[in-house]
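Have a look at the structure below, then the notes.
Nothing in this text is a laboratory measurement; each read-out follows from the coordinates by a stated rule. As the structure is a prediction and not an experimental result, all values here were calculated from the model. Reconstructed Cβ throughout: ideal geometry from the backbone, glycine too, with neighbour counts over all protein chains shown.
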Amino acid sequence: MAHGDRLASSNLALRIYPIRGLLGYFHLLYDEPQREAIIIDTGLVGEMGKLKQILARIGLGWRDIHAILLTHGHLDHTGHLAELRQLTGAPIFAHPDEQRHIDGTFPYRGASRVCGAMEAFGRTVLRYHPAPIDRPLQPGMELPFWGGLRVVHLPGHTQGHCGFYSMRHDLLFSRDLFASYGFLVHLPPAILNSCPEYFDASLSQVKNLSPRRIVPNHYFGFDSEVHRSRFDKLLARGRKR
């Protein structure tokens, strides 16, 4: 799968556009026949110009974005949430447990209090504005966008962390379940995880789903089949412990 290109072996009218930010990516998904775009997550800071350029290149405006799918409420995923909701008029889809993260009121405990402190600082510096969840997500929910996306609940990083699975493309947007940086493939650092006791079950769920392609949020190189192979290596390394 090439950067900003059509899926090589799938419906040629469905595209993914990665948008690189300070700490990771968010993704614009475009359904050409429907002239409908959606966004998975919204980045942190500095990405809006890149998104606007992509929209102009494919002949879309802000109002052609019909949904904002939020995988979880950490600041590097919600930085432009309120702005995009206002520009697009699109509803925000997210697990209800993520509203406190979005609002900055989640009661972090243990090592994850470091995450809470970093996010509080970031919200102040960036003059962050929260936004309400319009459409609560539930595990297994089928969404009508991009040829169909299924909600896959993958807690561990946060309680309401969700991925989105495209059966048509056998592709899972796994987001912050793991990071895929070449030889460095790992779970999120402990200070960023508010319920790490759920990681094993979430990893097993993805293993059982067995998607051909995986797109995380933090990665080098936009090759979803490579990220799937790296996920397998992460699982194998865990079994050896």
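Helical content of the chain, expressed as a calculated mean residue ellipticity at 222 nm, amounts to -8500 deg cm²/dmol (DSSP H runs of 4 or more residues, -39,500 (n - 2.57) each, divided by residue number, nearest 500). On a full-extension model of 0.36 nm per residue, what is the gain between MET118 and ARG63, subtracting their alpha-carbon distance, rounded to one decimal in nm? Answer, rounded to one decimal: 16.5 nm. Only one residue of GLN159, GLY148, ALA111 has its Cα farthest out toward the positive end of the dipole of region 106-180, where Lys and Arg carry +1 and Asp and Glu -1 on Cβ, and that residue is ALA111. The ranking of ARG20, ARG213 by Cβ neighbour count inside 10 Å, starting from the fewest, reads ARG20, ARG213.
Residues considered: ASN193, ASN208, ASN217. Largest GNM mean-square fluctuation over the chain, using C-alpha springs under 10 Å, is found at ASN208. Backbone N atoms of region 124-165 closer than 12 Å to the 7 Å Cα→Cβ label point of ARG237 are not found in any residue.
Judged by the ratio a/c of the largest to the smallest principal axis of the C-alpha gyration tensor, region 1-130 counts as prolate, that ratio being 1.5 or greater while a/b is larger than b/c. When TYR25, TYR30, TYR108 are sorted by how many other C-beta atoms sit within 10 angstrom of their C-beta, beginning with the fewest, the order is TYR108, TYR25, TYR30. Neighbours of LEU23 by Cβ distance under 15 Å: Lys/Arg scored +1, Asp/Glu scored -1, total -1. When you filter the chymotrypsin sites (Phe, Trp or Tyr not before Pro) in region 135-241 for DSSP loop state and at most 11 other Cβ atoms inside 10 Å of their Cβ, you are left with PHE183.
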